[in-house]
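Structure, as structure tokens:
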Amino acid sequence: MEEKPNICQQEVFNKVYKEQVQSLRNFMFFKTKDRDASYDLVQEAFLKLWQNCGKVSPNKAKSYLFTTANNLFLNTVAHKKVQFKFTQGVKKSQDNNSPEFLLEEKEFGQKLQKALDSLTQLQRTAFLLSRVEGKKYREIAAIYNISEKAAGKRVLDALEKLRETIDNL
Amino acid sequence: METKQALEKWLNNEATPAEMQVLNAWPDFDIYKKIDAHTKRMVLPEHDITSGIKALKDTPLFNKPQQKTPKVITMPMLLKIAAIFILLAVSGVFITTLPTNIQAPIANNQTIELPDSSKITLKQNGRISYKKYGWPFNREVSLEGEAYFEVAKGETFTVVTSTGSVSVLGTSFNVKTENDILIVSCFEGLVSVKTNGISTLVTPGDSFSFAPTVVNNKIYTSKPTWIFNESSFVDVPLEAVLMEIEKHYKVTTTTKNIDVTLRYTGSFTHTNLDQALQTVTLPLNLSFSKDSKNEVQIYDPKKQ
């Protein structure tokens, strides 16, 4: 009898790790805004998956990881104030290094930073999952166990709030 | 409202060209695009897979994968099958040793059909016990009282009584136990009776009483008469016949001027007291009288 793929098997576990770790890390990063904290949460979630390898089938591993990481995050207490970083933008057909452009970029980056801080954790994570990760509403809905419509509304609300905050700064 | 819907679809990369047209014509769209573009440039932590896995494996907890999960009993397939068979065997043994007890009612005979279609007619007040579910392996019946057996062919069929055991291979026979006296009558086939370590073969037409001494009597019917609600006697003292009448009709009998050791051969019915008394007294040239208190007197009319 051939054995079914099982997360308790080292190679299956490694495969799941390779496939899921980056998106899980991003997810935790959007929540915590913290490189180190997100790393710890991700590693802890995988450790939990390993400890429960007999109870979680490989096709359920992804949702198990996201749920577990989310729960672990909720258990952590308030984090130190940290901020997101952005790479420098490229403006088409103009001198990238013109002082005006750089200044505007910097200013906008700071505004965006503040605006992101003003969002709730749920709004921010949903928005970043959509924008940065390029996740569809359907995927976001699956992570939070909400409807696709609610996920779309969450992302749109976040965008509108960001705009409003930036306008007022 | 239309723009909002288009904007929501755009965020999900699902805006149609027509919706894009609406959005591009909307002055506010620029700022949204700017927010989107800038956000997308967010620096993400790059997760090093190799070092991540290695770090995990270095955690002490990682080496005990089942530690926190409750112990689930896992067995190899073969062991599971074996366990099921053992369970079946044990419950089988238990079920096959469950005895079935049957007691005939005080005033009626009872016919019992055994699993192999052997038939037992149990005389009133008699009691048998056998293992219904173990029957195919063990044809054994315990008997108290009297019963007539019609045994289907097959393995040895044994009737166990307090005095001895009766074994047959397929026949009709009657077994009566009373006060440690065992009476076996054979109607068909061959019956082996074992008492005190001695085996006696009873052939058709023979009736043996065992204990204290072995007495052989002949029978002339094809079935015991009690089956037809009759008691029959072959060369039996009148005294014993009267006792049998007392037993069946719940009456008391007295005798006057007669010899109770007179031998009687015949049978009486269990359904009519007058008829029964007549069949017993007439052949012996005796008479009887009854009173209202269930007392019967037997007397010799010539000696009156």
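A few points about this structure:
- Residue count for the range A:110-142, restricted to those that are within 11 Å of another protein chain (Cβ to nearest Cβ), acidic (Asp, Glu) and in contact with a Lys or Arg (Cβ under 9 Å, 6 or more places away or on another chain): 0
- Checked against the criteria, residue B:97 counts as over 30 Å from residue A:23 (Cα atoms) and surrounded by 10 or more Cβ atoms within 10 Å (Cβ to Cβ).
- Residues (modelled with pLDDT of 75 or more and surrounded by 10 or more Cβ atoms within 10 Å (Cβ to Cβ)) located in the range B:51-66: B:52, B:53, B:54, B:55, B:56, B:57, B:59, B:61, B:62
- Verdict on residue B:111 being at negative phi and exposed (fewer than 11 other Cβ atoms within 10 Å of the Cβ): no
- Condition met for residue B:69 (modelled with pLDDT under 90, hydroxyl-bearing (Ser, Thr, Tyr) and assigned to a helix (DSSP H, G or I)): no
- Every residue from the range A:34-64 that is assigned to a helix (DSSP H, G or I), of a type in the set (A, V, I, L, M) and within 13 Å of chain B (Cβ to nearest Cβ): A:37, A:41, A:42, A:45, A:47, A:49
- Scanning the range A:149-164 for residues that are surrounded by fewer than 18 Cβ atoms within 10 Å (Cβ to Cβ) and more than 9 Å from every other protein chain (Cβ to nearest Cβ) yields a count of 4.
- Residue A:31 being under 16 Å from residue A:125 (Cβ atoms), assigned to a helix (DSSP H, G or I), more than 11 Å from chain B (Cβ to nearest Cβ) and under 22 Å from the mean Cα position of the chain (by Cα): yes
- Residues that are touching a Lys or Arg at 6+ places or on another chain (Cβ under 9 Å) and small (Gly, Ala, Ser) were ranked within the range A:148-169; the one that is nearest to residue A:65 (Cα to Cα) is A:151.
- Considered as a group, the residues in the range B:14-65 that are closer than 16 Å to residue A:108 by Cβ and hydroxyl-bearing (Ser, Thr, Tyr) include one that is nearest to the chain's Cα centre (by Cα), and that residue is B:39.
- Flag for residue A:133 being under 17 Å from the mean Cα position of the chain (by Cα) and either among the hydroxyl-bearing types (Ser, Thr, Tyr) or assigned to a helix (DSSP H, G or I) (or both): no
- Condition met for residue A:73 (in a helix (DSSP H, G or I), at pLDDT 90 or above and away from every other protein chain (no Cβ under 13 Å)): no
- Restricting B:299, B:264, B:220 to residues that are aromatic (Phe, Trp, Tyr) and assigned by TED's automatic domain parsing to the domain that holds residue B:165 narrows the list to B:220.
- Subset of the range B:274-295 that is aliphatic (A, V, I, L, M) and modelled with pLDDT of 85 or more - its residue that is farthest from residue B:219 (Cα to Cα): B:286
- Failed criterion for residue A:101 (all others in (1) modelled with pLDDT of 85 or more; (2) over 15 Å from the mean Cα position of the chain (by Cα); (3) assigned to a helix (DSSP H, G or I); (4) more than 11 Å from chain B (Cβ to nearest Cβ) hold): (1)
- For the range B:134-192, the set of residues classified as at pLDDT 85 or above, aliphatic (A, V, I, L, M) and touching a Gly at 6+ places or on another chain (Cβ under 6 Å) consists of B:147 only.
- Test: residue in the range A:44-67 that is touching a His at 6+ places or on another chain (Cβ under 9 Å), among the hydrophobic types (A, V, I, L, M, F, W, C) and modelled with pLDDT of 90 or more: no
- Any hit, the range B:230-252, residues being modelled with pLDDT of 85 or more, aliphatic (A, V, I, L, M) and not in a helix (DSSP H, G or I): yes
The values are calculated or read from the model by the stated rules, or taken from the named source; none is laboratory data. If you're wondering where the values come from, they're calculated on a predicted model, not measured in any experiment. With ideal geometry, Cβ positions are generated from the backbone for all residues, glycine too; neighbour counts draw on all protein chains shown.
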